[in-house]
Amino acid sequence: MKSLLKITLVLGIVISFSSCKDNGAPNYQYMPNMYESVAYETYSESTAFNSPTGLHGKEGQLPPVGTIKRGYVPYEYPNTPEAYNAVKAANLPSPLDHSKIDMKKAQELFEIYCAICHGTAGDGKGNLVKQGKFLGVPSYADRVINEGSINHVINYGLNSMGSYANQLNQQERWMVAAYVMQLKGQL
């Protein structure tokens, strides 16, 4: 008896709430621009950021002068052969404490980004080299390298190797450089 009363009460509440909805007169929209936005064609030009400077909508997308993105640490050496040689000659030290470097994580990063060409042992015999996709990938044992030069190459790339600065942050680049030096010692 009590359950029949509860069911009747719930059914009555549901019917009373659903009867208040009127599709003929929709509710007031609090922010109609959010509900019914203007449709734009993909990749079409927009006048949203037009200015007298003539940048045609780019000034709204440019960062303010003198700013850098959060977490970014500038690298003071340019992408030139002279800078590479200077970094190599200066034996630029790693800012990381070598006793606290997680070599397991460094190995994982190396195997993700580097081993496909350089091989897991650093011998220059990765899968892409074995398949003939890239030729001339050097063994670390044959190269005069240090952590600074490795970090520079990861930052900017060298020869047919591209930059990995977008994939690895500064700390990860130095970790990979330390791991490469460990591999070089094992070869």
Per the filter on region 66-91, residues open to solvent by 80 Å² or more (accessible area, probe 1.4 Å), more than 11 Å from Val153 (Cα to Cα) and not polar (S, T, N, Q) are Gly66, Ile68, Lys69, Arg70, Tyr72, Glu76, Glu82, Ala89
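Rundown of residues vs (1) in contact (Cβ under 8 Å) with a residue 60 or more places away in the chain; (2) more than 14 Å from Phe110 (Cβ to Cβ); (3) assigned to a helix (DSSP H, G or I), yes/no style:
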residue: Lys125; (1), (2), (3): no, yes, no
residue: Gly132; (1), (2), (3): no, yes, no
residue: Ala141; (1), (2), (3): no, yes, yes
residue: Val153; (1), (2), (3): yes, no, yes
residue: Met175; (1), (2), (3): yes, no, yes
Counting only residues in region 2-56 that are on the phi > 0 side of the Ramachandran plot and modelled with pLDDT under 75, the one surrounded by the fewest Cβ atoms within 10 Å (Cβ to Cβ) is identified as Gly54
Of (1) buried (at least 21 other Cβ atoms within 10 Å of the Cβ); (2) not in a helix (DSSP H, G or I), Val180 satisfies every one except (2)
Counting only residues in region 92-106 that are open to solvent by less than 70 Å² (accessible area, probe 1.4 Å) and not in a loop (DSSP other than H, G, I, E, B), the one nearest to Leu168 (Cα to Cα) is identified as Ala106
Among residues of region 123-175 being basic (Lys, Arg) and open to solvent by 40 Å² or more (accessible area, probe 1.4 Å), the residue nearest to the chain's Cα centre (by Cα) is Lys133
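The values are calculated or read from the model by the stated rules, or taken from the named source; none is laboratory data. All of these numbers come straight from a predicted model, not from anything done at the bench. Reconstructed Cβ throughout: ideal geometry from the backbone, glycine too, with neighbour counts over all protein chains shown. SASA here: full protein model, heavy atoms, side chains in, ligands and nucleic acids out. Shrake-Rupley method; radii C 1.70, N 1.55, O 1.52, S 1.80 Å.
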